[in-house]
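**Student:** Before I ask anything, let me first share the structure, which is written out below as structure tokens.
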Amino acid sequence: MLKVQEIRELIKLVDQSNIDEFVYEHEGTKVEMKKNVTAIQTAAVPVVQPQAQAVVAPPEQPQKTAAVQTEVQRVEQVNEKNEDKDTSNLHQVVSPMVGTFYESSSPDADAYVKVGSKITKDSILCIVEAMKLFNEIEAEVDGEIVEILVKDGQLVEYGQPLFLVKPE
């Protein structure tokens, strides 16, 4: 049986590719994805192996799941935002892990940085919480914060851009 993370990766790969339909069978499980204008459709159905008698399986009905639609919409929104700006001369600070983004050390404290803040390589920009561990994320470059790409308390993915920095 495929893991949820593996299915998510397949969805992302199919979504980013030029193919319109994808079928994957492995160890009695079949995953079928079809693209249309609004979302990706998926269905996981066990494959029935014919034995001595012929077995007729009911026709497969792809199902749209709310999670798939939400993920596709989120990716499309991020892509639209990133296409509108020329970020070629800016440095992206990305999340080194999956977790929750926090702009300050506590709810009552001021944010580590704001748009326009001058930073150095060792400046702490935010915290990403993963499995009850709070990881301080450093700037990596000297410069100025141009944009904060995520909101406080938002879940972030590995490699997701968090900040745009204009290097000095």
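The values are calculated or read from the model by the stated rules, or taken from the named source; none is laboratory data. Bear in mind that the values here come from a model prediction, so they are computed numbers and not experimental data. Here the Cβ positions follow ideal geometry from the backbone for every residue, glycine too, while neighbour counts run over all protein chains shown. Surface accessibility is based on the protein's heavy atoms, side chains included, excluding ligands, DNA and RNA. Shrake-Rupley method; radii C 1.70, N 1.55, O 1.52, S 1.80 Å.
**Student:** Which one of these does SER88 not meet: (1) within 15 Å of LEU149 (Cβ to Cβ); (2) of a type in the set (Gly, Ala, Ser); (3) modelled with pLDDT under 90?
**Tutor:** It is condition (1) that SER88 fails.
**Student:** Continuing with the same structure: Can we say VAL93 is open to solvent by 80 Å² or more (accessible area, probe 1.4 Å), at pLDDT 90 or above and hydrophobic (A, V, I, L, M, F, W, C)? Don't jump to the end; show me each part of the working.
**Tutor:** Details: open to solvent by 80 Å² or more (accessible area, probe 1.4 Å): no; at pLDDT 90 or above: yes; hydrophobic (A, V, I, L, M, F, W, C): yes.
No.
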